[in-house]
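Take a look at the structure set out below.
The values are calculated or read from the model by the stated rules, or taken from the named source; none is laboratory data. Everything numeric in this text was worked out from a predicted model, so none of it was measured. Here the Cβ is made from the backbone with ideal geometry for all residues, glycine too, and neighbour counts use every protein chain on show. For accessibility, only protein heavy atoms count, side chains too; no ligands or nucleic acids. Shrake-Rupley method; radii C 1.70, N 1.55, O 1.52, S 1.80 Å.
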Amino acid sequence: MIEPPTAPAAAGRTPPLLALSGIAKRYGATRALDGVDLDLRAGRIHAVLGENGAGKSSLIKCMAGVVRPDSGTMALDGAPVRFADPAAAAAAGIVCVFQELSLVPDLSVADNILIADPPRRFGLVDRRAQRRRAEELLARAGAGDIHPLALVRDLPLSRRQLVEIAKALARGPRLLILDEATSALTARDVASVFRVLKDLRRDGLALVFISHRMGEIAELADECSVFRNGRNVATFPAGTRTDAQVVEMMIGRDEAHAYPPKPPPVPRDRPPVLEARRLGWAGRLHDISFALRPGEVVGLGGLDGQGQRELLLALFGVLRGLTGAVLVDGREAALGGPADAKAPRNGIALIPEDRKTEGLMLPMSVRENLSFASLDRVSRGGVVDRAAEARAVDAMVGLLAIKAADLDVPVASLSGGNQQKVVLAKWLMTRPRVVLLADPTRGIDVGTKADIYRLLRRLADDGAAVLLYSTDYAELIGCCDRVLVLYGGRVVRELEGTAITERALVSSALNMDGTEAA
Amino acid sequence: MNDLAFRLRDARATLSAVAVFVALFALYTLNHPAGFSANVVQTAANKGVLLAFVAVGQTFVVLTAGIDLSVGAVFILANCLASVVVTGSPGAVALGVAAVLGTGLACGLANGALVVYGRLQPIVATIASGAIYFGLALALRPEPGGDVDSTLADAVTGQLAFGVPASAVVLLAVMLLVWVPFRRSLIGRAVYAVGSAEASAYLSGLPIRRARLLAYASAGLFSAMGGLMLAFFTYSGEASASNASTYTLDSIAAIVIGGVSLFGGAGSAVGAVFGALIFRTINDLLFVFDLDPLWQPLFLGLVLLGAVSLGSARLLRLKNRLELFGS
Amino acid sequence: AGPKVVSGPSADAQCFVPWTDKTKFFQYAKKPGPYRIALANGFIGNTWRIQMIKTAKAYAEQPEIKKQLKEFKVVSTGDDIAAQISAVNNFIDSGYDAVIIDAQNPTAFRSAVKRAQAAGVVLVAFDNTLDTDEAINVNVDQEGLGKYWGEWLAKSLPKGGDVLEVRGVPGTSVDTDRHKGLQDALKASGKTFSTVEVVGKWDDGTAQKVSADAIAVHKHFDGMTAQGGSTGMVRAFLDAGAPLVPAGAETENGFRKLCLEDGSKGLSCASGGTGPAQVAVAMKTALAALGGETVPQSIRLPLAHVEAPDFKAGVNTFPDQTDNFFVGNAFPTCGITFTAQEIMGRSEANQ
Amino acid sequence: MSAPARRRFDPAVATAFGCIVALLLLGSLYSTRFLSPDYLLQQLQVGSFLALVATGLMVVVLLGQIDLSVPWIVTVGGMMATAAAGHGPLGAALAIPFGVLCGVAFGLFNGLGVAYLRVPSMIFTLGVDAVAQGLMVLKTGGSAPQDMATPLMRDLATGRALGPVPNAVWVWLLVGTATSFLLSRTTYGRAVYAVGNREAAAYLSGVRTRRVTLAAFALSGGLSALSGALLAGYSGKAYQGMGDGYLLPAIAAVVLGGTSILGGRGTYLGTTAGVILITLLQSILSVVQMPDAGRQVIYGAVILAMLLLYGRGAKIGA
Ligand SMILES: Nc1ncnc2c1ncn2[C@@H]1O[C@H](COP(=O)(O)OP(=O)(O)OP(=O)(O)O)[C@@H](O)[C@H]1O
Ligand SMILES: Nc1ncnc2c1ncn2[C@@H]1O[C@H](COP(=O)(O)OP(=O)(O)OP(=O)(O)O)[C@@H](O)[C@H]1O
Ligand SMILES: O[C@@H]1[C@@H](O)[C@H](O)OC[C@H]1O
Ligand SMILES: [Mg+2]
Ligand SMILES: [Mg+2]
């Protein structure tokens, strides 16, 4: 089994805490991992980069005992190990914060944090001690404001992410793996998580950090490994390669992630396709008015949770009890639900926030997912014309360069980025005139991101109006013609053209002008 | 929110079941010609406890987001077995009781194994295993009969000091002995977690297979306790197919009324007990209100439908239609 | 205080026929009327039970009965035996003078019987009676019914042969008693019979399906018998175009209609059983007991039976009426003369 | 690029058909009559009642819901159809549609509870079953309705208008083909699978998911009632409790046919196989002389064995 660590190397490079060699894993025809070698050392943060589908999540699932590699070996402190399940890996000190959260929604925060190994008395859970521990761990994860008795179900995604980190810490890990753990976090939470991670590094943990955000990697990593097509193509000390070089390694071609050029501003007098008038809802949205014109890409900015999601849902007819009016082509639109919003008279599309639960039917095929929102376009009298469906689907697969072994495999088997492309394509097939997007590039690799940016611009050029909510300021700056900054459910600022700068976005997000705080 | 608020929130479903029961039972006894008397309470307790046991058993399984459609058959099997073996010398009686409970446990474990190791869908696995258990019951008792030890039977279904019904005390004791530790054990947590989010529970290193096995085994055990109580209540056994399906379906109705979520992960066996008692009291209302006999089935149907639909009042407050779909 | 055990005969010896000559007689302390009587029925989901409850209500409405009753309450508790026991207990605790039971399980009412005796309540079980000699039972002899079919079949099939036996609900004593009576009679005949048993659950659709299966596989039967579901059994023969053979079965009007129509095609029938009106006999017994009269502990009801060629339209078979009711709802020896049609009302078609 | 077959060869369905053959061969050890066309056609005939129920149930199950109101909606179908027949020639002509319509009404009610009130179907439909029973008891006891099947009902259930194949089997074939088409070729079918997989995603794709659910329950109610009307034709009459034996076998048939009880997965062909399996199993067990206890045990054991053969879920962590 696991042997005690051999004497720590006194000088020079420490021996690896965990060494992988020749790890391979196939899913049917897909080589998710193809002979991966990787050394992870105590006291270091090791960043893993790679396109969507490069095999990053598969790799860490092998390390964490979630999946068993087909071949290859792992050595912990020099001794070979195999993990039967996540519990075995955790017992050996390897703990993972998964890309798909592993919290149990119906249990309390405290129960979740100490889920598998709570403090016990007489064999039973000592709830008081558990709660104290949970409070400590939450504080350590920079989330002291979360009540340990709250149900996870009631927490927003970004808070859950912090609970997940506290939970990982509770395991007393020697190797902590974070798979895109920061993708749902706001800038402030990211900063506090980084502080925690740096503390842990100082305490001698080995850390693996997966992220698509180059800035985060630059700030945090000691070593970087770049993955492509299931292989570790390069491992190098952080800072020894330029971003452009890294991107090239990732995508295997020379293509920096660039935003498409912006066209001249849309004339103010062009009639809007969609107009919001004094929208209000449930104390979360107040008096929101704006107009979207064909050809525009408009951003929604602000700190996370200021009503941006609700605004998108409102425009898509999902919210009940909305006050104010939504006008399409100058006429008031009765939006009783997505079905109304989608109807050709309105032509609204929403790329929802959570692709797994809101965007896709995961077990259904790629094809069925792609055509689902526009079935009425390829059917007559309720009967699907399969040839027409196939044509439409193939066109979209080509347009978005969706990577799938076969269009009849479940969409669940695609990597995150390709799944996101399917969601986008599914809505593009409806030929929308208004496209609403909720943080569509979360967890998306740089190459795919660039594809998406180009696509949005092309949609606008073809006469659609795009409303893009993003948590990434660079994206708002790079993509948008205008940005509406929300604070407390109100539009506190509208930035346009060259006025869209990081500085302006940040200051208005914090409502520094203090216009009309709610 | 302070701690108390969180705790109340957790117990809300159970507390409302308790409140509804108290109100209904008050309505019942106030209108009962014999009033709130020891006999009336004893009768209600004996009848209620049977279903409560089966409902508690069902609760374990439903918490894991499963369902056990064989609880009624196990209940009947236990009843028939008890009518054969719970008789004779005190030693033989004790052994008989152990055999009945052991059989229930074994049936439950078998169900658990089918679901966990066989990876079968619980609903149909337990339909099939239920047929087997019922067949065994029929083999044991081709026609009703048996002679259950009446000393024990009378003790368990009779009255204690101050007219306290013994059956209720038995139920209380079992709940204290089983449910309270369960709720605070790791495996108990695993049962809830499996029902709430199986993949998360697995990733978190919880013993999910053991949790499921335990849940089905407990369902078998508690159903057998119910069947044993039935034997004590009737001194006999009967392999009644209709009774088996009645208890299976009533157990589901009872736990829903008691606030257990059929989607798993939420609810408590205490709620289920009161759900069972509520369900029984609804039936008892027939007794105190003078309904035409031909209207009685309709009345029961409507009250049941109303009771299970009450929860949907919350939907009227829902402002985001997405929340309709839960998780 | 339970009843006194006295010697017979009973006051109304014509109606209250003791089960055997060893049957004991009860005399309860005479209570002043009018009485509160309750009927604790179990399951209600078939026509027999609906007919039974309507008969009970109608009987209670008869002028000379009505004046003896302060209250007549009916509760149907469904399949659940525990619920039925509780209902009986509740009636006893609520001071009803007599409780009438169609029991879900004959062996389960020991505690209720004790409680009734302690409270001086008259307990009368009918149809599905109680395995006790401490309460009054009113019933047709179920084993005797099976025997009746068996003897008739043995008589109709001089050479013996293959008989299809459609059984009732497994696990009930009514089913096993009838089965036993039948088999004993066939054996006693000395001829060689072999029976193919299928389970029809007293349900026409089920009986028809399992009979059809049996016919398809065994091809030939010399006789058939069913306890409940009789109509379905015969229909299966008709639908399969199988030769019609002697049938000994219950008293559903549908069965008798077929016996009448197809008698010429070789369907020779014996139809025996007892109607749901036995509930009225049970009520009458309870009233007699409350009035302090002597009654047998166990009362044998006459079998209402008709054999070919005595099926007569409008007399014991009702061609323009529904299949679903049980003919022979009258017990003239007890002064109970309802016809089933009176009870179930005229069908909508005739309105 | 040519589109590959949308649904590929389904091993569950193939195994189910394999089990059917195995069952018949096993039965033929007892009597070779089990292999005769007569017997097989007769099985299809009585199987058609179960098939109609299972068809509706399957659509509901594909949504991830369940319909426990089958037993008494079958009875409603039978009793209301025959009751309509009591109202003159027009009533007799409209008997079946009227029965079906009553079933649809109950189904709609189920759908309202499940889709709009969002009460779990397992419990709401249980309540509706109880209400339907209450109404039928009341109707039988209260108004002594006409309960004899019309000649058309009898003919549909027991006649053989086209060759040796019973009419009931044609009804099954018709309903089955239509349902299969509905599920695999129409937008409604896609929506059913989508809702069964992830209702929120289907809703956000602009599908009126509540109406999809409503329609599925209405369909289930209508088909259960149609089955009841045919069953009344088969027995010559409608009666209390005629739907008793249909619920659990229908669930078993649907699941044996490879449909996931969690929704979103399953094919109609599979349900067909499941219905035939259950019908044959019940029939063979009924005829093979054995105490009922043994029949029950074997019935359960065979279903379990078949499920273990092919009805297993994915292994977690694989
Ligand atoms: N369970 C599975 N079944 C089939 N294929 C899978 C499965 N899991 C992963 N794959 C495939 O393995 C490859 C690697 O996927 P993985 O999730 O490791 O990528 P990733 O680098 O984490 O991508 P992303 O950045 O999008 O999260 C992909 O092609 C994916 O489609
Ligand atoms: N969950 C619910 N529970 C009870 N009633 C509801 C619920 N949801 C909606 N309703 C009622 O149903 C009716 C339609 O609701 P809503 O305004 O949400 O329409 P909708 O989303 O356009 O419906 P659909 O998409 O089915 O046409 C309204 O009368 C509403 O009050
Ligand atoms: O006696 C039986 C009765 O109890 C049942 O309800 O219907 C059929 C009869 O044979
Ligand atoms: Mg990944
Ligand atoms: Mg990703």
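Scan the range A:40-73 for residues that are more than 7 Å from ligand 1 (Cβ to nearest atom), within 14 Å of chain D (Cβ to nearest Cβ) and either assigned to a helix (DSSP H, G or I) or polar (S, T, N, Q) (or both) and report the count.
2
If the Cβ limit is 7 Å and pairs must be 6+ apart or interchain, which residue in the range D:23-43 that is closer than 11 Å to C:Val217 by Cβ and without any contact (Cβ under 8 Å) to a residue 24 or more places away in the chain pairs with which residue that is in a helix (DSSP H, G or I) and open to solvent by less than 20 Å² (accessible area, probe 1.4 Å)?
Here the result reads D:Ser28/D:Phe34; D:Arg33/C:Ala216; D:Arg33/C:Val217; D:Arg33/D:Tyr39; D:Asp38/C:Ala216; D:Tyr39/C:Ala216; D:Tyr39/C:Val217, each pair linking the range D:23-43 to a residue that is in a helix (DSSP H, G or I) and open to solvent by less than 20 Å² (accessible area, probe 1.4 Å).
Could you tell me which residue of the range A:394-415 is farthest from the other protein chains (Cβ to nearest Cβ), considering only residues that are outside any loop (DSSP other than H, G, I, E, B) and touching a Ser or Thr at 6+ places or on another chain (Cβ under 8 Å)?
Residue satisfying both the conditions and the ranking: A:Ser413.
Filter the range A:416-438 for residues that are more than 14 Å from chain D (Cβ to nearest Cβ) and open to solvent by 10 Å² or more (accessible area, probe 1.4 Å); which is nearest to ligand 1 (Cβ to nearest atom)?
Filtering the range A:416-438 for residues that are more than 14 Å from chain D (Cβ to nearest Cβ) and open to solvent by 10 Å² or more (accessible area, probe 1.4 Å), the one nearest to ligand 1 (Cβ to nearest atom) comes out as A:Gly416.
What number goes with the only condition from (1) modelled with pLDDT of 90 or more; (2) within 14 Å of another protein chain (Cβ to nearest Cβ); (3) open to solvent by 10 Å² or more (accessible area, probe 1.4 Å) that C:Val169 does not pass?
So C:Val169 meets the others, but not (1).
So which pairs qualify, if the first residue must be in the range A:17-36 and closer than 21 Å to A:Ala405 by Cβ and open to solvent by 50 Å² or more (accessible area, probe 1.4 Å), the second must be away from ligand 2 (no atom under 16 Å from the Cβ) and among the acidic types (Asp, Glu), the Cβ gap must be under 7 Å, and the two must be at least 6 apart or on different chains?
From the range A:17-36, the pairs are A:Arg26/A:Asp70.
Say we look at the range A:219-242 and pick out the residues that are aliphatic (A, V, I, L, M) and within 16 Å of ligand 1 (Cβ to nearest atom); which of these is most open to solvent (accessible area, probe 1.4 Å)?
A:Val233
Determine which single condition B:Leu305 fails, assuming it passes every other condition in (1) within 16 Å of ligand 2 (Cβ to nearest atom); (2) over 20 Å from D:Trp72 (Cβ atoms).
(2)
Report the residue count in the range B:245-273 for those that are under 26 Å from B:Leu81 (Cα atoms), of a type in the set (Gly, Ala, Ser) and in contact with an Asp or Glu (Cβ under 9 Å, 6 or more places away or on another chain).
2
Answer yes or no as to whether A:Gly336 is surrounded by fewer than 16 Cβ atoms within 10 Å (Cβ to Cβ), more than 16 Å from ligand 5 (Cβ to nearest atom) and within 14 Å of D:Val207 (Cβ to Cβ).
When the stated conditions are applied, A:Gly336 passes them.
Among the candidates C:Thr206, C:Thr195, which residue alone is under 25 Å from B:Asn243 (Cβ atoms) and open to solvent by 10 Å² or more (accessible area, probe 1.4 Å)?
C:Thr206
Pick from the range A:476-514 the residues that are free of Cβ contacts under 8 Å to residues at least 60 places away in the same chain and among the acidic types (Asp, Glu): which of them is nearest to A:Leu437 (Cα to Cα)?
A:Glu502
Which of the residues belonging to the range A:293-318 are open to solvent by 10 Å² or more (accessible area, probe 1.4 Å) and either of a type in the set (A, V, I, L, M) or not in a loop (DSSP other than H, G, I, E, B) (or both)?
A:Leu303, A:Arg309, A:Glu310, A:Leu313
Kindly indicate which of A:Glu216, A:Glu164 is more than 16 Å from ligand 2 (Cβ to nearest atom), at negative phi and either open to solvent by 10 Å² or more (accessible area, probe 1.4 Å) or in a strand (DSSP E or B) (or both).
A:Glu216 is the lone residue from the list that is more than 16 Å from ligand 2 (Cβ to nearest atom), at negative phi and either open to solvent by 10 Å² or more (accessible area, probe 1.4 Å) or in a strand (DSSP E or B) (or both).
Looking at B:Gly267, B:Gly258, which is the one that is open to solvent by 20 Å² or more (accessible area, probe 1.4 Å), modelled with pLDDT of 90 or more and either in contact with a Lys or Arg (Cβ under 6 Å, 6 or more places away or on another chain) or more than 16 Å from ligand 1 (Cβ to nearest atom) (or both)?
Checking each option against the conditions leaves just B:Gly267.
Yes/no matrix, rows are residues, columns are (1) more than 10 Å from chain A (Cβ to nearest Cβ); (2) in contact with a strand residue (DSSP E or B) (Cβ under 9 Å, 6 or more places away or on another chain):
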position: B:Ala173; (1), (2): yes, no
position: B:Leu186; (1), (2): no, yes
position: B:Ala199; (1), (2): no, no
position: B:Leu203; (1), (2): no, yes
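Can you find a residue that is open to solvent by less than 20 Å² (accessible area, probe 1.4 Å), without any contact (Cβ under 8 Å) to a residue 12 or more places away in the chain, within 12 Å of chain D (Cβ to nearest Cβ) and not charged (D, E, K, R) anywhere in the range B:89-111?
The answer is no; no qualifying residue exists.
Kindly establish whether A:Phe290 is of a type in the set (Phe, Trp, Tyr), touching a Lys or Arg at 6+ places or on another chain (Cβ under 8 Å) and in a strand (DSSP E or B).
In short, no.
How many residues, within the range D:87-109, are more than 14 Å from chain C (Cβ to nearest Cβ) and more than 23 Å from the chain's Cα centre (by Cα)?
Adding up the residues that qualify gives 1.
Of all residues in the range B:267-289, which are more than 7 Å from every other protein chain (Cβ to nearest Cβ) and either among the polar types (S, T, N, Q) or out of contact with any helix residue (DSSP H, G or I) (no Cβ under 8 Å at 6 or more places or on another chain) (or both)?
Across the range B:267-289, the qualifying residues are B:Ser268, B:Thr281.
Select from the range C:75-115 the residues that are under 18 Å from B:Ala34 (Cα atoms), at the interface with another protein chain (Cβ under 7 Å from one of its Cβ atoms) and touching a Leu at 6+ places or on another chain (Cβ under 8 Å) and list them in ascending order.
C:Val75
One line per residue, one yes/no per condition, for (1) away from chain A (no Cβ under 14 Å); (2) charged (D, E, K, R); (3) in a helix (DSSP H, G or I):
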residue: B:Leu4; (1), (2), (3): no, no, yes
residue: B:Ser16; (1), (2), (3): yes, no, yes
residue: B:Thr29; (1), (2), (3): yes, no, yes
residue: B:Pro33; (1), (2), (3): yes, no, no
residue: B:Val40; (1), (2), (3): yes, no, yes
residue: B:Gly48; (1), (2), (3): yes, no, yes
residue: B:Ala55; (1), (2), (3): yes, no, yes
residue: B:Val61; (1), (2), (3): yes, no, yes
residue: B:Ala73; (1), (2), (3): yes, no, yes
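For the range D:246-297, enumerate the residues that are part of a loop (DSSP other than H, G, I, E, B), over 14 Å from D:Asp10 (Cα atoms) and more than 10 Å from chain B (Cβ to nearest Cβ).
Within the range D:246-297, D:Gly263, D:Gly264, D:Val288, D:Gln289, D:Met290 qualify.
For A:Ile210, which of the numbered conditions (1) away from ligand 1 (no atom under 16 Å from the Cβ); (2) more than 14 Å from chain B (Cβ to nearest Cβ); (3) hydrophobic (A, V, I, L, M, F, W, C) fails to hold?
With respect to (1) away from ligand 1 (no atom under 16 Å from the Cβ); (2) more than 14 Å from chain B (Cβ to nearest Cβ); (3) hydrophobic (A, V, I, L, M, F, W, C), A:Ile210 is out only on (1).
Contact list please: Cβ distance under 6 Å, first residue in the range A:50-77 and more than 11 Å from ligand 5 (Cβ to nearest atom), second residue acidic (Asp, Glu) and open to solvent by 10 Å² or more (accessible area, probe 1.4 Å), pairs at least six apart or on different chains.
A:Gly65/A:Asp85
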